[in-house]
Structure formats: structure tokens, C-alpha cells
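Structure, as C-alpha cells:
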Amino acid sequence: MPSSTEATSVIPKHVAIIMDGNGRWAQQRKMPRTYGHKKGVEATRKAIAFYARAGVSHLTLFAFSSENWNRPSEEVSTLMSLFVTSLEKNTGELIKNGIRIRFIGNRAAFSNKLVKQIEKSESQTADNNVMTLNIAANYGGQWDILQAAKQLASKVKNNSLDPETISEQDLAAHLSLAGTPDPDLFIRTGGEQRISNFLLWQLAYTELFFTDTLWPDFSELVMQQSLDNYTSRQRRFGKTAEQVGAG
Ligand code: IPE
Ligand code: IPE
Ligand code: MG
């Protein structure tokens, strides 16, 4: 390989982010938590533009977990209306930048208005190919594995699948991100070091990057740090350092 292509090979193909810390960001300013969520939308726009420009081909953002319904109802309803308004406002920018948007998670609990807007944004951007942006909303890693297992079980029931032959690839093919390479880099802002039921199956060999920066403050400087830090990692996938180094 000529050395000019080596530099680009360390850009992660797939980056997955837990956008955490909006509530604390607002509370530090004596403002309601919902103010932090509004500010968070701006940070989200910047992050999408940054990682697309860096050459990342799949970006998956955790926007609302299966467990976030347990928050105070006014916070949940602000988040739901923010989804609608930010899609209305920003789908044009996605189209301009060649970004395809897809939602993963259980849509059944969303309002008609939100479901319609999601479908509209998805179809208007379906042919874009600079980067695919996956928004995980009403998503849980356990839910995802469970719905995949249910699909496999019904194939077994109707005799189109032999349970003895089920492979890891078969299960992966029924997950929400089927066909997308597993994340290379996982980022969590907001200081907590946990997965919070995000992509449980797909993060098996992902490099993890945690930052104390709260999501509304997630700047290009920290975004670049996440990529530089990834570049410094040696991914071994169970092999020895010597085997990988010789690769
Ligand atoms: C992340 O920020 C956004 C969502 C979970 C929707 P938080 O709202 O969790 O912010 P903190 O963690 O309370 O600061
Ligand atoms: C994870 O953040 C979910 C999203 C960022 C959408 P949380 O703030 O809900 O996670 P916990 O409760 O601190 O684990
Ligand atoms: Mg949080």
C-alpha cells in the first residue's frame, strides 16, 4: 500500500455516540433541563458535519433510550417535539451535505406527527451516500437483540430456519443495524463510563472513548481528540500484538 492511503485507513468507518450531559449543562446555568436539550441540537448538527467531513461513513447517535420514557413527562414531551422541529428544520441541510438519515428503535410509541416526519426525512435523504446517520430513538440494545431473536424464532416455527444452524451472522442480520459494519469508535460525553443499553451486540470490539465534556459543549477540538485517540489504539480482536503488528 502506498503511504498516502495509510493516513485515511485510521479514520473509523462507523462512530457511535451517546450524547449525554444536556440536563447537567442546563442545571449548571440554573436553567431547566429542557434548555440543555435545545442547546444539544446545535452540538448534534456540528458533530454530524464534523464526522462527515472527516470521512466517517456511518454515524450512530443515541438520542432517546427505551428507559428515557421514565423521565418527567414535560421533559419527554419537549424531547419529542424537538425531534419533530429539528427534523423539519435540518433535513434540508442533510440533503445539501449528502447525508442519509435513518431511525432505529421502536417507533410504535411515537406520535403520528413524529412518525410521518421521520418517514419524510428518511425518504428525502434515501439516495444520499456521503454518510449514513442513524438516530437511535426509543432504542435499547436489549430490545434490539430481543426483536431479532423473535424474528429468528418465527422462522424456526414456520420451518424456514433450522435452530441448529443459527449463527452469529444470522442474529446480526436481524438487528436494526443489519448491513452496517460494527462501530469502530464509541464516544460518550458527560463523564459517565457506561453503555446504558446502547448497541450491546455491536460494541463487542469497539474502541471506547469517554470525555467529561457535556454534550452541548462537545467542540471540534474534542471531536478531533476522539479521532486522534482512536488512531493511537491497536485493535487486536483476540490476537496477539505481534500477530496484529505483522499484519
Ligand atoms: C442526554 O442528556 C440526552 C438524553 C438522554 C435525551 P441527559 O438529559 O441525560 O443529561 P444529563 O445526563 O441529565 O446531564
Ligand atoms: C443514555 O443517557 C441515553 C441517551 C443519551 C439518549 P442517559 O442519561 O439516559 O443514561 P444513564 O441513565 O445516565 O445511564
Ligand atoms: Mg444523562
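The values are calculated or read from the model by the stated rules, or taken from the named source; none is laboratory data. From a predicted model like this one, the values you see are computed outputs, not experimental measurements. Every residue, glycine among them, receives a Cβ derived from its backbone with ideal geometry; neighbour counts consider all protein chains shown. With ligands, DNA and RNA removed, areas are computed over all heavy atoms of the protein, side chains included. Shrake-Rupley method; radii C 1.70, N 1.55, O 1.52, S 1.80 Å.
Could you name the aspartates and glutamates in cross-link range of residue 155, using Cα to Cα under 20 Å and dropping any fewer than eight places away on the same chain? Here the aspartates and glutamates satisfying the reach criterion relative to residue 155 are 144, 164, 168, 170. Here the Karplus curve 6.51 cos²θ - 1.76 cosθ + 1.60, taken at θ = phi - 60°, turns the phi angles of segment 66-71 into couplings of 4, 8, 5, 4, 6, 7 Hz, with x standing for Gly and Pro.
Secondary-structure-derived ellipticity at 222 nm for the chain, considering helices only, amounts to -14500 deg cm²/dmol, per-run term -39500 (n - 2.57) for DSSP H runs with n ≥ 4. With Rh defined as the Kirkwood radius, the inverse of the mean 1/r over Cα pairs, the Rg/Rh of segment 59-128 is 0.97. Relative contact order, percent, of segment 153-247 when contacts are C-alpha pairs under 8 Å separated by at least 6 residues? Computed value for segment 153-247: 22 percent relative contact order. For the chain, the fraction of 1.4 Å probe accessible surface lying on carbon and sulfur atoms is 51 percent. Take the Cα of residue 69, step 7 Å along the line toward its Cβ, and report every residue of segment 109-151 whose backbone nitrogen sits under 18 Å from that point. Inside the label zone: 109-116, 136-148. Taking every protein chain into account, the accessible area of the chain amounts to 53 square angstrom per residue (probe 1.4 Å).
Would you kindly state how much longer the chain becomes between residue 124 and residue 221 on full extension, computed as 0.36 nm times their sequence separation minus their alpha carbon distance, in nm to one decimal?
31.8 nm
Here the Gaussian network model covers the chain, with springs between Cα atoms less than 10 Å apart; of 211, 189, 132, 211 fluctuates the most.
Within a straight-line Cα-Cα reach of under 28 Å, residue 39 can be paired with the following lysines, leaving aside sequence neighbours fewer than 8 residues apart in one chain: 13, 30, 89, 96, 113, 116, 120. The alpha-carbon atoms of the chain define a convex hull whose volume equals 159 cubic angstrom per residue.
Probe radius 1.4 Å, ligands and nucleic acids left out: which of 192, 67 has the largest accessible area, and how do the rest follow? Write down the numbers at each step before the final one.
Working: 192 60, 67 90 Å².
The ranking, largest first, comes out as 67, 192.
Electrostatic tally near residue 14: other residues with Cβ closer than 12 Å to its Cβ, Lys and Arg +1, Asp and Glu -1, net -2. Coupling constants for segment 214-226 follow from the phi torsions by the Karplus curve (6.51 cos²θ - 1.76 cosθ + 1.60, θ = phi - 60°), and in residue order they are 7, 3, x, 9, 5, 9, 4, 4, 6, 4, 5, 4, 4 Hz; glycine and proline get x. Here the 3J(HN,Hα) profile of segment 230-241, calculated from phi with Karplus coefficients 6.51, -1.76 and 1.60 at θ = phi - 60°, is 4, 4, 7, 7, 10, 8, 10, 6, x, 7, 8, 4 Hz, Gly and Pro shown as x. Each peptide in 108-115, 38-45, 223-230 gets a packing score, the mean of other Cβ atoms within 10 Å over its residues, and the list from highest to lowest is 38-45, 223-230, 108-115. The distance between label points at residue 152 and residue 76 comes to 3.1 nm (points 7 Å beyond Cα on the Cα→Cβ vector).
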